[in-house]
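Where a number appears in this text, it was derived from the coordinates with a stated rule and is not lab data. Keep in mind that what you see is a predicted model, and the values were worked out from it rather than measured. Here the Cβ is made from the backbone with ideal geometry for all residues, glycine too, and neighbour counts use every protein chain on show.
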Amino acid sequence: MFTSQDVVALRQKTGAGMMDCKKALEATDGNMDKAVDYLREKGIASAAKKSVRIASQGVVDSYIHLGGKVGVLLEVNCETDFVTKNDSFKALVHNIAMHIAAAKPTYLNKEEVPEAEVAKEKEIFRAQALNEPKPKPANIIEKMIEGRIAKFYKEICLLEQDYVKDPSKTITALVNEAVGTIGEKITVRRFARFEMGEGLEKKQDTFVDEIQGQLDKMNKN
């Protein structure tokens, strides 16, 4: 067993987040030393300590898939130019680029998601809950919405997504592991994903609608 004070103490000791510290203590039955080792093995403790450093170096990687049908540009930063030549760092960047091609994230992280988009999703989820055959109390509905929004973030935010090659870890966890191995702060800064023909169908439909509208006006006249 462990207390909230133990969680705080572990956080102060390792610099890891509160939830990570809680999970570490749960996994080690409250043993503080084992919890520290657990966080170090996961790369979380070292990643948290390095989070205040400045990652001003890095690389821009590209990945082309399906014979030129999908392309990704990705910038990942690190602290020194030396690390950009490290095979582990190069592999991390390329694997994330491949993940982006497959998983189709829209945003880098939760902070990038517009508040209006989140509010719209909440309203949709709330309406769905209210339309269920058996109405639920308001507090239960709000908890359901929180859970669905968390799932929504995992679907559209790169750092929240489960890594396609190993769904047991998120992209954030993948980066943290690399931080623990390489020994420098690593930051996924930005990305762009391109898919051949994306958006063209919508534009074509709009064009057809415009032509049909003009024809309808002519027929009325």
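General observations
- ³J(HN,Hα) computed for each position of the range 108-119 - Karplus, 6.51 cos²θ - 1.76 cosθ + 1.60, integer Hz, glycine/proline x: 6, 8, 5, 5, 7, 6, x, 4, 5, 5, 5, 4
- Cα point-scatterer Debye curve for the chain, base-10 log of I(q)/I(0) at q = 0.15 Å⁻¹: -1.11
- Scalar couplings 3J(HN,Hα) for the range 83-99, obtained by applying the Karplus form with A = 6.51, B = -1.76, C = 1.60 to θ = phi - 60°, are 5, 4, 9, 6, 4, 5, 5, 4, 5, 4, 4, 5, 5, 5, 4, 5, 4 Hz; x denotes Gly and Pro.
- Distant-in-sequence amide H partners of G58 (H built 1.01 Å from N, under 5 Å): C78
- Residues whose amide H falls under 5 Å from that of R190, counting only those 5 or more places apart or on a different chain, are E75, with hydrogens built in the peptide plane.
- Distance violations [Cα-Cα > 21 Å] among K120/K169; K122/K169; K13/K151; K110/K169; K122/K151: K120/K169; K122/K169; K13/K151
- The angle between the Cα long axis of helix 32-42 and the main principal axis of the chain comes to about 40°, on a 0 to 90 degree scale.
- Backbone amide hydrogens, once placed in the peptide plane, bring K185 within less than 5 Å of E79, excluding anything fewer than 5 places away on its chain.
- Note on I54 and D166: their simple-model spin labels are 3.3 nm apart, each label 7 Å out from Cα toward Cβ.
- Angle between the chain longest axis and helix 171-182 axis [Cα atoms, degrees, rounded to 10]: 40 degrees
- Remark: the range 156-161, residue by residue, has Karplus-estimated 3J(HN,Hα) of 10, 9, 3, 5, 8, 6 Hz, where x stands for each Gly or Pro and the curve is 6.51 cos²θ - 1.76 cosθ + 1.60 at θ = phi - 60°.
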